[in-house]
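Values in this text are rule-based calculations from the coordinates and carry no lab data. Owing to the predicted nature of the structure, the values given are computational and were not obtained by experimental measurement. A quick note on method: Cβ atoms are made from the backbone with ideal geometry, for glycine too, and the neighbour counts reach across all protein chains shown.
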Amino acid sequence: MKKYFVYYQKQMFRKVSPDPSNVTATHVFIGTQFASGEQALESVFLRMQGEEWSPNGEAINLIKAVGADHTSMSVGDVIVDEDGNVFGVENIGFKLIS
């Protein structure tokens with residue numbers, strides 16, 4: 001299993017591409033996920049949908065506390081693997097940013 005760090009884009013930076021050397025300038029850390037295999041990024045993405053990790057609104061306080069404005073992972077958010085590779089969520093799939 002590989003460790004992945006999930007970052008959501010801050011509302012004020014919605015149209016700004018993340019800097020892979022300073023993701024926290026435009027994104028906030030939401031949590032850690034573990035996944036393996038060829039579909040690991042997809043697995044992380046699916047687990048970070050609101051109906052999966054916050055089906056009853058449990059995450060709303062966390063989302064507000066860190067300055068994010070959305071519960072479900074979406075385009076513009078990023079996943080960083082334990083090796084430091086930064087992947088941006090695209091309309092379809094992911095793009096290696098670093």
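Take the alpha carbon gyration tensor of the stretch 10-66, find the square roots of its eigenvalues, order them as a ≥ b ≥ c, and report rounded if a/c is under 1.5; if not, report prolate when a/b exceeds b/c, else oblate. Oblate, because a/c is 1.5 or more while a/b does not exceed b/c. Which of the following values of Rg and Dmax of the Cα atoms in Å was calculated from the structure shown: (1) 15.7, 54; (2) 12.5, 35; (3) 16.8, 64? It is the one labelled (2). Summing Lys and Arg as +1 and Asp and Glu as -1 over all other residues whose Cβ lies under 13 Å from the Cβ of Phe87 gives a net charge of -4.
Just to be sure I understand: of the beta bridges DSSP finds with both ends in the chain, what percent are antiparallel, rounded to 5?
Antiparallel bridges make up about 100 percent of those DSSP assigns within the chain.
Each label point was placed 7 Å from the Cα along the Cα-to-Cβ direction; for Glu58 and Ser17 their separation is 3.7 nm.
Computed extension gain for Phe29 through Asn85, at 0.36 nm per residue and net of the alpha carbon distance, reaches 18.6 nm. Assuming charge only on the beta carbon of Lys and Arg (+1) and of Asp and Glu (-1), the dipole of the stretch 2-96 about its Cα centre is about 300 debye to the nearest 20.
The count of lysine pairs in the chain whose Cα atoms are under 26 Å apart, excluding pairs fewer than 8 places apart on the same chain, comes to 8.
Helix content alone sets the calculated 222 nm mean residue ellipticity of the chain: runs of n ≥ 4 DSSP H residues at -39500 (n - 2.57) each, divided across all residues, give -4500 deg cm²/dmol.
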